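One structure coming up, written as structure tokens, with questions to follow.
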Amino acid sequence: MRIEFCGHACFLVSDNGHSLIIDPFLTGNPAASRKPEDVKVETVLLSHGHGDHVGDALSIAKNNDATIIAPYELAVYSEKNGAKVHHMHIGGAHDFPFGRVKLTQAWHGSAVMDGDIPIYTGNPCGFLLTMSGTTVYFAGDTGLFGDMKLIGDRHDIDTAILPIGDNFTMGIDDALYALKLINPKKVIPMHYNTFPVIEVDVNVFANGAKESGYECIILEPGDSTEV
């Protein structure tokens, strides 16, 4: 499985001829490494309705005739706005041509904005994505929660993608504690340094992960790794 970091919390994932994008916030993202019109995928995964995650999902889905996979209410919103969707919800899993997706809980919010008015889009989520026997846990925007241990106990996680930027999500200390609950083989940090309010020193996280026995892969926008 190849994972490319596109900036903030956006990742392009490909394996065996299949490709998908997670939380495609590209337009207006100062860290974006791609333009939405250059993205070629068959699937879009959305973790929640905030603008820095939904981003260009609708245009990418329409341009590629791609399917948006999202929690039910966010999928309904996407469908009403012209996208093909697959509705899911937390705890549910489904097999797709590219692999298997299971939705996990995430402690956060979820709403799209209609001018100054928020439109509720259900519960936020994380994803357990399995392709060719490799499982990646994309935590989404979340604070630390104890049931991360259940996720780690019940799933053999090869790579965890965790937010570390604080303020809106876990900070470095909580993300390091989350590693011990999830117990992945590797970790990729996300959701940091895009804006001043979430600026952190990613090397502090990387060093803490290493001290706890976890390999940390720091990706700059445009970088990719094989997991």
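The values are calculated or read from the model by the stated rules, or taken from the named source; none is laboratory data. Predicted model only: the values in this text are computed from it and were never measured. Cβ atoms come from the backbone with ideal geometry, glycine included; neighbour counts cover every protein chain shown.
If I ask for residues that are over 16 Å from the mean Cα position of the chain (by Cα) and not polar (S, T, N, Q), which ones from the stretch 81-90 would you list?
Matches in the stretch 81-90: GLY82, ALA83, LYS84, VAL85, HIS86, HIS87.
Conditions (1) of a type outside the set (Phe, Trp, Tyr); (2) farther than 25 Å from THR27 by Cβ; (3) touching a residue at least 24 places away in the same chain (Cβ under 8 Å); (4) in contact with a strand residue (DSSP E or B) (Cβ under 8 Å, 6 or more places away or on another chain), marked per residue:
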residue: THR134; (1), (2), (3), (4): yes, yes, yes, yes
residue: MET148; (1), (2), (3), (4): yes, yes, yes, no
residue: ARG154; (1), (2), (3), (4): yes, yes, no, no
residue: PHE168; (1), (2), (3), (4): no, no, yes, no
residue: PRO184; (1), (2), (3), (4): yes, yes, yes, yes
residue: MET190; (1), (2), (3), (4): yes, no, yes, yes
residue: VAL202; (1), (2), (3), (4): yes, no, yes, yes
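Something else: Go through (1) of a type outside the set (Lys, Arg); (2) farther than 16 Å from ILE3 by Cα; (3) crowded, with 18+ Cβ neighbours inside 10 Å for ASN203 and report which single condition fails.
(3) is the only condition that ASN203 fails.
ASP114 - would you say it is within 16 Å of HIS191 (Cα to Cα), of a type in the set (D, E, K, R) and either modelled with pLDDT under 95 or in contact with a strand residue (DSSP E or B) (Cβ under 9 Å, 6 or more places away or on another chain) (or both)?
Against the criterion (within 16 Å of HIS191 (Cα to Cα), of a type in the set (D, E, K, R) and either modelled with pLDDT under 95 or in contact with a strand residue (DSSP E or B) (Cβ under 9 Å, 6 or more places away or on another chain) (or both)), ASP114 does not qualify.
Using the structure shown, decide if LEU162 is within 23 Å of SER110 (Cβ to Cβ), under 19 Å from the mean Cα position of the chain (by Cα) and of a type outside the set (Gly, Ala, Ser).
yes
How about the stretch 86-116: which of its residues are part of a strand (DSSP E or B), surrounded by 15 or more Cβ atoms within 10 Å (Cβ to Cβ) and of a type in the set (Gly, Ala, Ser)?
GLY99, ALA111 - these are the residues of the stretch 86-116 that are part of a strand (DSSP E or B), surrounded by 15 or more Cβ atoms within 10 Å (Cβ to Cβ) and of a type in the set (Gly, Ala, Ser).
Among LEU46, LEU74, LEU26, which is the only one that is within 15 Å of LEU129 (Cβ to Cβ), of a type in the set (A, V, I, L, M, F, W, C) and at pLDDT 95 or above?
Within the list LEU46, LEU74, LEU26, the selection yields LEU46.
I'm trying to understand the selection: among the residues of the stretch 119-157, which are more than 15 Å from ILE188 (Cα to Cα) and either in contact with a Lys or Arg (Cβ under 6 Å, 6 or more places away or on another chain) or charged (D, E, K, R) (or both)?
Within the stretch 119-157, THR130, ASP147, LYS149, ASP153, ARG154, ASP156 meet the criteria.
Something else now. Is it the case, given these coordinates, that PRO124 is within 21 Å of ALA175 (Cβ to Cβ), of a type outside the set (D, E, K, R) and at pLDDT 95 or above?
yes
Let me ask something else. Here are the criteria: (1) touching a Leu at 6+ places or on another chain (Cβ under 7 Å); (2) closer than 30 Å to ASN167 by Cα. Tell me which single one VAL76 does not satisfy.
Going through (1) touching a Leu at 6+ places or on another chain (Cβ under 7 Å); (2) closer than 30 Å to ASN167 by Cα one by one, VAL76 breaks only (1).
Here are the criteria: (1) surrounded by fewer than 20 Cβ atoms within 10 Å (Cβ to Cβ); (2) farther than 29 Å from VAL76 by Cβ; (3) not hydroxyl-bearing (Ser, Thr, Tyr). Tell me which single one ALA175 does not satisfy.
Every condition holds for ALA175 apart from (1).
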